[in-house]
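Student: First the structure, which I've put down as structure tokens, then a few questions once you've had a look.
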Amino acid sequence: MAYDGKIMHRAQVRFEEDKQRRAQQFDQRRQRLFRKIPRLMEIDRELRSTMSQIIAGALQHGADPVAAIARIRKQNLGLQQERADLLRAAGYEEDALEEKPNCPLCGDTGYRGNALCQCLQSYYAREQIAELSQMLDMGTETFDTFSFDWYSTERGNYERSPREIAEHNFDVCQDYARQFSPRSGNLLLFGAPGLGKTFLSACMARVVSESGYSVVYDTAARIFSRFEDAKFRRDDEESTDADVNRYLNCDLLIVDDLGTEMMTSFVQSVFYQIINQRLVEGRKTVINTNLNPSEIGRRYGAQVLSRMEGEYEILPFIGQDIRRLKRQYQA
């Protein structure tokens, strides 16, 4: 699983902030208990000091430390029992003065061995949702709110009606998002504007992000612009290079509105690089566009079209512009 460095940094900052906040809250609770039951503070001091004092004394006189350690253990157990009795008598849990990790799996380190713990993964997922929300309406664009009411049930000259096609596309996109893994395929959503391509792309971005995978969602125009900045402008090299790496290395790249960018030979080259490199490295891509496959081939080249036809599940969208239908309905 690949992680976006920029998103991970923010997740780690939030993780440490919450960890420090919990430590401060525990210390405040401890001080309140000490003020309420002063003997608890005395016990705390004794527990902290007995080990160093007895060991130091034993070593100073050349005595066997084993006997000293046994005395320490007995003394400390007695102090711990007294502390538990005091807390219980005051109506508190016996372990109220024991600071426990929020995550028992990793002890609040965020890692289990060399792997990211699920607690830090949840922070990463939330930060990624926040990043995606800058471009998408992550609050309302969900599979649960997708409506088929705007799609006609009339087949006309097609084998299937717009609603039947929309229902099929919805099922494919929902299954793709919920079952996303490194073994998933790639999707191409194409059709006229206002048919739900961007909506379903946003739904997929949300669900895959919540599963902990790195997702980058951006318009084709902005993606190509960042590649151009990285190649030709050196004033903000670190930022633009980081963006390029995000596009190439994330687990799922969602390219919105392919075909709306100004076409140049550089754009054609970059798009081939994105498609080909991500396929070679097994990284997944979802593209939505108003262009049909033939138009994609003419615009970006036969090599791009060949890879899409061979490696992408192609989902056509038909029907009337839903945005226009909604405006007419509200008028």
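Student: Listed residues Pro193, Pro182, Pro162; which is in contact (Cβ under 8 Å) with a residue 24 or more places away in the chain, open to solvent by less than 30 Å² (accessible area, probe 1.4 Å) and not charged (D, E, K, R)?
Tutor: Exactly one residue qualifies, and that residue is Pro162.
Student: Sticking with this structure for a sec: Restricting to region 196-228, what's the tally of residues that are farther than 15 Å from Ser133 by Cβ, open to solvent by 30 Å² or more (accessible area, probe 1.4 Å) and among the polar types (S, T, N, Q)?
Tutor: Here the count works out to 3.
Student: Give the number of residues within region 249-292 that are among the charged types (D, E, K, R), assigned to a loop (DSSP other than H, G, I, E, B) and surrounded by 19 or more Cβ atoms within 10 Å (Cβ to Cβ).
Tutor: 2
Student: A further question on this structure: Filter region 139-159 down to residues that are in contact (Cβ under 8 Å) with a residue 24 or more places away in the chain and part of a loop (DSSP other than H, G, I, E, B) and give me whichever is surrounded by the most Cβ atoms within 10 Å (Cβ to Cβ).
Tutor: By that ranking, first place goes to Tyr151.
Student: I've got another one for you. In region 88-102, is there at least one residue being more than 30 Å from Ile43 (Cα to Cα), open to solvent by 40 Å² or more (accessible area, probe 1.4 Å), in a loop (DSSP other than H, G, I, E, B) and without any contact (Cβ under 8 Å) to a residue 60 or more places away in the chain?
Tutor: No; the residues of region 88-102 include none that is more than 30 Å from Ile43 (Cα to Cα), open to solvent by 40 Å² or more (accessible area, probe 1.4 Å), in a loop (DSSP other than H, G, I, E, B) and without any contact (Cβ under 8 Å) to a residue 60 or more places away in the chain.
Student: Right, Ala58: at pLDDT below 80, open to solvent by less than 60 Å² (accessible area, probe 1.4 Å) and either among the charged types (D, E, K, R) or at negative phi (or both) or not?
Tutor: So Ala58 fits the description; yes.
Student: With respect to the numbered conditions (1) modelled with pLDDT of 90 or more; (2) out of contact with any Ser or Thr (no Cβ under 8 Å at 6 or more places or on another chain); (3) outside any loop (DSSP other than H, G, I, E, B), which one is the sole condition not fulfilled by Leu188?
Tutor: (2)
The values are calculated or read from the model by the stated rules, or taken from the named source; none is laboratory data. Owing to the predicted nature of the structure, the values given are computational and were not obtained by experimental measurement. Cβ atoms come from the backbone with ideal geometry, glycine included; neighbour counts cover every protein chain shown. The accessibility values were calculated without ligands, DNA or RNA, using every heavy atom of the protein model including side chains. Shrake-Rupley method; radii C 1.70, N 1.55, O 1.52, S 1.80 Å.
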